[in-house]
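Please read the structure below before turning to the comments.
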Amino acid sequence: MRSWLLLPSLCLALVSAPSSAQDIRQLIDEKGDGAGHLLQGARAIALDSKHNVYVAGQLSSNVFRIRPNGKIELVIGSDGDGKGHPLSGPRGIAVDSKGNVYVTGDTSWNVFRIAPDGTKTQVVDRTGDGKGNGLRRPIGLAIDRQDNLFIAGGNSNNVLRRAPDGTISQLIGVAGDGLGNELRRPNALAVDGHGNAYVAAAKTRNVFKIEASGKVKQIADAKGAGEGQSLMFPDAIDVDAHGNVYVAGNNSGNVLRIAPTGEISQIMGQDGIEPGIRLGAPTGLAVDSKGNVYVTRAGSYSVYRVTSEGVITRILDQAGDNAGHPLLAAREVRVDAQDNVFVSGLGSNNLFRFTPAASSAP
C-alpha cells in the first residue's frame with residue numbers, strides 16, 4: 001500500500017498551465033453529434049472496455065458516445081425510451097461488462113438501459129424496488145464486476161441495487177447504519193473490486209461502506225480528518241485498488257483519504273495550491289492505477305492531480321486545450337485503464353481528454 005506524505009512543510013510542485021509535452025484534446029463540444037443534437041451542461045462521464053467515452057448533457061437531457069475514431073453518436077435523448085418514459089437531467093452514467101449503458105434521470109426519477117443494439121428500456125422508475133422504497137432524484141450510479149447496478153436516490157435518501165436478473169433491493173435507507181448515523185441526500189457512489197459500495201451523503205456530511213454481505217458501516221462523518229479538516233457536503237467519491245476511499249468535500253474545500261484501517265487524512269485542502277487561489281468547491285474526483293488522485297474545481301475552471309507522494313499539480317485550466325477550446329466549470333473526471341483523464345466542462349459544454357506525457361492515447 002502506498003503511503004502519503006502529509007507534512008505541513010511539504011513542497012508542492014505546481015504548473016500554472018499544462019505542459020506542451022502532454023496531449024490535451026477536446027473530444028466533443030456544444031454541437032454534440034453535429035446532426036442537431038446539442039450537448040448542454042456536460043456533466044456525467046463513463047468509459048467502457050472498448051475505449052468508448054460517454055458524456056451526459058444535464059441541460060440537454062441526452063447522452064453521447066464518442067468512439068475511439070472520434071465518431072460521435074447520440075445514445076439517448078430527452079424522449080427516453082420513446083414509449084412515454086422521458087429522460088430529464090441525467091446525472092449518472094455507467095457501463096456494464098456486456099456493453100449496456102445505464103443513465104439516471106435526475107428530474108425524471110428513473111434509470112434507463114441502452115443495449116448494444118440501441119434498444120432503450122426504463123429499468124427503474126420512481127417506485128424503486130416496488131416494496132415501498134421509492135426512487136426520487138437518482139444521482140449517483142455505479143456498477144460492480146458482477147454487473148450489479150447501484151443507484152443513489154438523492155431525495156429518497158437511499159441506495160438501491162439492481163441485480164443482473166432485474167431484481168431491485170434497497171441496501172441502505174435514511175436510517176443509515178441503524179446506529180443513529182443517518183443517510184440524507186446521497187449524491188456520489190463508488191464500488192471496489194470486492195463488491196463493496198461506498199456512498200457519500202451531502203446533507204448528513206458522511207460516508208458509508210455497504211459491504212457485499214449487506215452490512216452497513218459509517219466510515220467518515222462531518223469531523224472528517226479532525227480539527228480544521230472537516231467534511232462538508234461531500235460531492236464526489238472514488239476507491240483505489242488497495243481499498244483507500246477518497247472523498248471530496250464541496251463546502252469544506254478539501255479531499256480526504258479513508259484508509260482500510262479507518263484512518264482519515266486530508267490530502268488536499270484550501271491552501272497551498274497556488275498563490276491567491278484556494279481550492280474552493282471540489283466537484284469531481286477520480287483515482288488512477290498509480291494512486292494519483294484527480295480533482296476538479298468548477299470555480300477555478302481547473303483540474304488538479306495529487307500524487308501518492310502528495311505533490312499537487314494543475315493539469316488543466318480555463319485555457320482547455322490551448323487551441324481555442326476553453327474549459328469552464330470543470331465538473332466530473334474519470335480515468336481509463338491507460339490512465340487517460342477525461343474531464344467535462346459544465347459551463348463550456350464540452351469534454352476533454354488529458355493524456356500524461358509518459359502515455360499515449362489508444
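Summary of the geometry: the range 188-232 and the range 126-167, compared by the centres of their Cα atoms, lie 17 Å apart. In this entry, the range 134-252 is assigned a mean projected area of 6.9 nm², taken as a quarter of its C-alpha convex hull surface. When you restrict to C-alpha pairs under 8 Å that are six or more residues apart and normalise by the size of the range 72-178, the relative contact order lands at 18 percent. The gain in end-to-end length when the residue 213 to residue 79 segment is fully stretched comes to 44.5 nm, 0.36 nm per residue minus the alpha carbon separation. Write out the trypsin sites (Lys or Arg not before Pro) in the range 89-125 meeting two conditions: DSSP loop, and at most 15 other Cβ atoms within 10 Å of their Cβ. Within the range 89-125, the qualifying trypsin sites (Lys or Arg not before Pro) (loop, at most 15 other Cβ atoms within 10 Å) are 98. Springs join every pair of Cα atoms under 10 Å in this Gaussian network model of the chain, and among 178, 320, 253 the largest mean-square fluctuation is at 178.
Taking the Cα centre of the range 175-290 as origin and assigning +1 to Lys and Arg Cβ atoms and -1 to Asp and Glu Cβ atoms, the resulting dipole is close to 300 debye. For a test of the definition: using alpha carbon positions, the gyration tensor, and the 1.5 limit on a/c, classify the range 299-348 as rounded, prolate or oblate. The shape class here is prolate. Over the chain, the Kirkwood radius and the radius of gyration, each from Cα atoms, give a ratio Rg/Rh of 0.95.
The alpha-carbon of residue 290 sits under 22 angstrom from the alpha-carbons of these lysines, leaving out residues fewer than 8 places away in its chain: 50.
Of all lysines in the structure, those lying under 17 Å Cα to Cα from residue 203, and not within fewer than 8 positions of it along the same chain, are 223.
For residue 87, the residues whose amide H sits under 5 Å from its own are 79, 80, ignoring neighbours fewer than 5 places away on the same chain, with H placed 1.01 Å from N. Remark: the chain carries a charge dipole of roughly 500 debye about the Cα centre, counting +1 on each Lys and Arg Cβ and -1 on each Asp and Glu Cβ.
Atom-type composition of the exposed protein surface of the chain places 47 percent of the accessible area on carbon and sulfur (1.4 angstrom probe).
Taking a straight line from the alpha carbon of residue 131, these lysines sit under 21 Å away, with near neighbours fewer than eight places off in the same chain left out: 215. Using C-alpha pairs below 8 Å separated by at least 6 residues, the relative contact order for the chain is 15 percent. Report, in whole Å, the centroid distance computed from the Cα atoms of the range 313-351 and the range 58-73. Each part's Cα centre sits 16 Å from the other's. Exposed loop positions in the chain were taken to be GluC sites (Glu not before Pro) whose DSSP state is not H, G, I, E or B and which have at most 10 other beta-carbon atoms within 10 angstrom. Between these positions, the longest stretch is 1-226. Sparsely packed loop sites in the range 16-102 (the chymotrypsin sites (Phe, Trp or Tyr not before Pro) outside DSSP H, G, I, E and B with at most 14 other Cβ atoms within 10 Å) do not occur. Volume of the convex hull of the range 203-362 (Cα atoms only), normalised per residue: 131 Å³.
The values are calculated or read from the model by the stated rules, or taken from the named source; none is laboratory data. Predicted model only: the values in this text are computed from it and were never measured. Cβ coordinates were reconstructed from backbone atoms using ideal geometry, including for glycine residues, and neighbour counts include every protein chain displayed. What goes into the accessible areas is simple: the full protein's heavy atoms, side chains included, and nothing from ligands, DNA or RNA. Shrake-Rupley method; radii C 1.70, N 1.55, O 1.52, S 1.80 Å.
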